[in-house]
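Contents: one structure, followed by commentary.
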Amino acid sequence: MSAAPLEVVPLGGVGEFGRNVLWLSSGGSSILVDVGVSFPDESFPGIDRIAPDLSVLRGERIDGVFLTHGHEDHIGALPLLREWCQAPVYGFPFTLALARRRLEEAEAPLDRLSEARGREPIHAGAFTVTFFRVSHSVPGSAA
């Protein structure tokens, strides 16, 4: 028996700074790695953030959202996703604290935030994800 193919779809963050959203799908199951915004330059007066287009995900089964760290270009669009997606969100404690604050500001649901532990597998649908710590400019960063 062969395994279901893995589809890797970057919805942002490739060839640009920001809007980091990676959609992984296999066998009717999918997960997201990061859900971030980008920041406009002076050619967008009055605009503070640019969100990714998450509409392609509506109606898809999302079994988990995995946040690698707390920068806005990785967590800033989480409130938009929470408007219709109740998948559990995983991250290290500091990342989740920043995500919780962003959700509170947007008056979005705060439930289903789950602390990841380094090197402990997390099962989400057809996927198994293991966080491990990495050095970055914000505490609690993971890969």
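The values are calculated or read from the model by the stated rules, or taken from the named source; none is laboratory data. Computed from a predicted model, the values in this text were never measured in an experiment. Ideal geometry is used to build each Cβ from the backbone, glycine not excepted, and the neighbour counts take in all protein chains shown. Each accessible area value is taken on the protein alone, full model and side chains, heavy atoms only, with ligands, DNA and RNA left out. Shrake-Rupley method; radii C 1.70, N 1.55, O 1.52, S 1.80 Å.
Quick look at the numbers
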read-out: Protection-proxy order for peptides 88-101, 10-23, each taking the mean of Cβ atoms within 10 Å per residue, highest first; value: 88-101, 10-23
read-out: DSSP beta bridges in the stretch 1-108 [antiparallel fraction, %, rounded to 5]; value: 70
read-out: Rounded to the nearest 10 Å², the accessible area of Glu120 at probe 1.4 Å; value: 100
read-out: Kirkwood hydrodynamic radius of the chain, Cα pairs, Å; value: 15.5
read-out: Among Leu57, Pro5, Gly15 the positive-end extreme of the charge dipole of the chain (Cβ point charges); value: Pro5
read-out: Positive minus negative residues near Leu32 (Lys, Arg vs Asp, Glu; Cβ under 15 Å); value: -2
read-out: The stretch 70-127, relative contact order [Cα under 8 Å, separation at least 6], %; value: 38
read-out: Residues with amide H under 5 Å from that of Leu113, placed H, sequence gap 5 or more; value: Val89
read-out: Mean-position separation - Cα centroids, the stretch 1-27 and the stretch 104-143, in angstrom; value: 17
read-out: Charge tally in the Cβ shell below 13 Å around Phe132, where Lys, Arg are +1 and Asp, Glu are -1, Phe132 excluded; value: +2
read-out: The chain: relative contact order as a whole-number percent, Cα under 8 Å and 6+ apart; value: 19
read-out: Label-point gap, in nm, between Glu115 and Phe94 - each point 7 angstrom along Cα→Cβ; value: 1.5
read-out: Dipole magnitude of the chain about its Cα centre (Cβ charges: Lys, Arg +1; Asp, Glu -1), debye to nearest 20; value: 500
read-out: Karplus-derived HN-Hα couplings along the stretch 92-104 (A = 6.51, B = -1.76, C = 1.60, θ = phi - 60°), whole Hz, x at Gly and Pro; value: 6, x, 5, 4, 5, 5, 5, 5, 4, 4, 4, 5, 4
